Amino acid sequence: MVDLKRQYQRIKPHIEAVIADVLEDARFVLGPPVAALERRLADYVGCTEVVSTSSGTDALLLPLMAAGIGPGDAVFVPSFTFTATPEAAARVGAEVVFVDVVEDSFHIDPTDLEAKIAEVKGSAHLRAAAVISVDLFGLPVDYDAIAGIVAAHELFWISDGAQAFGAGYGDRRVGSLAPVTATSFFPAKPLGCYGDGGAVFTNDPELANLIRSIRTHGHGGQKFEVVRIGANARLDSVQAAILSVKMDVFDEELSRREEIAAAYDKALSDLAVVPVRVPGRRSAWANYTIKVKGRDALRAALANVGIASSVFYPTPMHLQPAYAKWSNGVGSLPMSEALCAEVLTLPLHPYLLDSEVNDVVAAVRDHLTAAPDAQSVVADAAS
Ligand SMILES: *Cc1c(COP(=O)(O)O)cnc(C)c1O
């Protein structure tokens with residue numbers, strides 16, 4: 001799905017040089033490459049404060065801790081996402097409230113979000129406290145719509161931009177669009193390191209300083225002063241140095257991702273539902289995800305000719321055993337459930353060759369033209 005070896009071959013001498021520098025310097029934790037990376041990321045996304053973290057998951061968790069979200073607080077999250085989104089809310093002891101998603105964008109559904117907020121406000125024991133929206137597969141959510149809801153209900157808002165680093169919204173980038181944005185540098189994300197990593201973006205210096213304190217065991221101003229319960233959630237110097245090398249080629253990689261996505265769109269849109277395009281928004285193309293009926297048969301046919309594909313996600317979070325206590329069961333979030341049966345993610349990364357893109361297209365087309373039932377989803381979506 002993502003060929004990291006090809007990228008490494010391209011940048012190898014630079015990677016080896018910066019790793020060697022960190023080894024010589026020996027400041028492995030919060031060393032100079034971390035501060036340099038945080039400044040560079042702030043410039044890139046257009047925010048004032050960046051706090052790098054040990055993972056994207058911690059980049060979601062730390063702001064919730066900093067905001068004091070906990071027991072009795074309802075945190076609204078889409079069900080069609082990766083577990084890290086609801087997990088962060090669960091870990092601070094908050095109540096997870098699952099919200100359905102919109103059919104074409106896979107984003108949290110503003111109408112259902114309003115309905116779930118109203119339900120919580122009608123209950124005596126819960127406070128409508130926070131929402132985590134997710135820029136799923138790299139496409140920014142409707143930030144203006146979410147901002148309106150957040151303002152009306154005074155919610156704490158985290159944008160889960162784990163899949164959307166580099167994505168654009170008008171002339172701005174993800175990381176500058178919500179009060180707090182979390183991203184991930186997991187190797188397979190648009191900007192990935194060689195291990196785990198993440199970052200929090202905000203324009204709020206007070207919140208950023210709180211998160212910095214929590215990132216290092218809740219330290220205070222004095223050495224060995226512990227002023228709050230924190231975590232060990234720092235990004236390593238080695239990973240920061242690697243990310244700085246990858247930033248040098250990142251814009252070029254984004255363009256290549258867009259080129260491949262456009263090629264897939266053109267070649268497949270008559271047979272499958274291709275990812276929605278929204279004027280003014282640029283996806284980071286973490287994933288290129290189509291919808292087809294008979295998805296599992298297509299997946300098997302691709303596997304037969306040696307083409308990888310993935311299902312993100314096979315099960316909505318409200319039907320996962322871990323979240324049972326916050327679930328209303330099968331049928332409660334119909335769009336999230338329906339999507340899980342139809343989505344298929346095709347290979348897309350910046351080092352995919354045109355010939356490989358053509359092979360994927362040919363294999364998908366071969367199967368779908370031979371299986372006319374599979375195409376009905378396009379007609380359904382159009383009607
Ligand atoms: C990858 C991912 C995360 C978590 O990031 P990690 O760096 O793997 O901890 C959170 N949310 C979404 C939507 C993701 O895809």
>> Out of the residues in the stretch 2-46 meeting the condition of being of a type in the set (A, V, I, L, M), open to solvent by 70 Å² or more (accessible area, probe 1.4 Å) and out of contact with any Asp or Glu (no Cβ under 8 Å at 6 or more places or on another chain), tell me which one is nearest to LYS189 (Cα to Cα).
In response: LEU30
>> Checking TYR169 against (1) within 10 Å of ASP135 (Cβ to Cβ); (2) within 16 Å of the ligand (Cβ to nearest atom): exactly one of these is not met. Which one?
In response: (2)
> strands (runs of 3 or more DSSP E) wholly in the stretch 14-120 with at least 1 residues that are in contact with a His (Cβ under 9 Å, 6 or more places away or on another chain), within 16 Å of the ligand (Cβ to nearest atom) and more than 19 Å from LEU177 (Cβ to Cβ) - which ones?
Replying inline: 95-99
> Assuming VAL75 fulfils every condition listed in (1) touching a residue at least 60 places away in the same chain (Cβ under 8 Å); (2) closer than 19 Å to SER327 by Cα; (3) open to solvent by less than 10 Å² (accessible area, probe 1.4 Å) apart from one, which condition is it?
Replying inline: (1)
>> Scan the stretch 299-309 and tell me whether some residue there is part of a helix (DSSP H, G or I), open to solvent by 10 Å² or more (accessible area, probe 1.4 Å) and of a type in the set (Val, Ile, Thr).
In response: no
>> So ALA208 ticks every box in (1) surrounded by fewer than 24 Cβ atoms within 10 Å (Cβ to Cβ); (2) more than 20 Å from PHE80 (Cβ to Cβ); (3) in contact with a Phe, Trp or Tyr (Cβ under 8 Å, 6 or more places away or on another chain); (4) in contact (Cβ under 8 Å) with a residue 60 or more places away in the chain but one. Which box is left unticked?
In response: (3)
>> Out of everything in the stretch 113-134 that is under 23 Å from the mean Cα position of the chain (by Cα) and without any contact (Cβ under 8 Å) to a residue 40 or more places away in the chain, what residue ends up being nearest to LEU339 (Cα to Cα)?
In response: LEU113
> Considering ALA178, ALA164, ALA124, which residue is part of a loop (DSSP other than H, G, I, E, B), within 16 Å of the ligand (Cβ to nearest atom) and out of contact with any strand residue (DSSP E or B) (no Cβ under 7 Å at 6 or more places or on another chain)?
Replying inline: ALA164
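Take the stretch 196-205 and flag every residue that is farther than 23 Å from THR345 by Cβ and either surrounded by 22 or more Cβ atoms within 10 Å (Cβ to Cβ) or out of contact with any Ser or Thr (no Cβ under 8 Å at 6 or more places or on another chain) (or both). Working first, answer last.
Restricting attention to the stretch 196-205, the residues satisfying the condition of being farther than 23 Å from THR345 by Cβ are 199-205.
ALA199, VAL200, PHE201, THR202, ASP204 - these are the residues of the stretch 196-205 that are farther than 23 Å from THR345 by Cβ and either surrounded by 22 or more Cβ atoms within 10 Å (Cβ to Cβ) or out of contact with any Ser or Thr (no Cβ under 8 Å at 6 or more places or on another chain) (or both).
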> Do you know which residues across the stretch 158-173 are open to solvent by 10 Å² or more (accessible area, probe 1.4 Å) and over 16 Å from THR57 (Cβ atoms)?
Replying inline: TYR169, GLY170, ASP171, ARG172, ARG173
> What single numbered condition from (1) open to solvent by 20 Å² or more (accessible area, probe 1.4 Å); (2) within 16 Å of the ligand (Cβ to nearest atom); (3) more than 21 Å from ARG39 (Cβ to Cβ) fails to hold for LYS189?
Replying inline: (3)
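On the basis of being under 29 Å from LYS5 (Cα atoms), buried (at least 18 other Cβ atoms within 10 Å of the Cβ), in contact with a strand residue (DSSP E or B) (Cβ under 7 Å, 6 or more places away or on another chain) and not β-branched (Val, Ile, Thr), does LEU235 make the cut?
Details: under 29 Å from LYS5 (Cα atoms): yes; buried (at least 18 other Cβ atoms within 10 Å of the Cβ): yes; in contact with a strand residue (DSSP E or B) (Cβ under 7 Å, 6 or more places away or on another chain): yes; not β-branched (Val, Ile, Thr): yes.
Yes; evaluated as a whole, the condition is true for this residue.
Does LYS223 qualify as being of a type outside the set (Phe, Trp, Tyr) and in a loop (DSSP other than H, G, I, E, B)? Spell out how you get there, then give the answer.
On the way: of a type outside the set (Phe, Trp, Tyr): yes; in a loop (DSSP other than H, G, I, E, B): yes.
In short, yes.
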> Just for the stretch 252-298: of the residues that are surrounded by fewer than 19 Cβ atoms within 10 Å (Cβ to Cβ), in contact (Cβ under 8 Å) with a residue 60 or more places away in the chain and closer than 19 Å to ASP135 by Cβ, which one is farthest from the ligand (Cβ to nearest atom)?
Replying inline: GLY280
> Can you find even one residue in the stretch 119-137 that is open to solvent by 60 Å² or more (accessible area, probe 1.4 Å) and under 11 Å from VAL75 (Cα atoms)?
Replying inline: yes
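The values are calculated or read from the model by the stated rules, or taken from the named source; none is laboratory data. Since we're looking at a predicted model, the values are computed, not measured. All Cβ positions, even for glycine, are placed from backbone atoms using ideal geometry, and neighbour counts span all protein chains on display. SASA here: full protein model, heavy atoms, side chains in, ligands and nucleic acids out. Shrake-Rupley method; radii C 1.70, N 1.55, O 1.52, S 1.80 Å.
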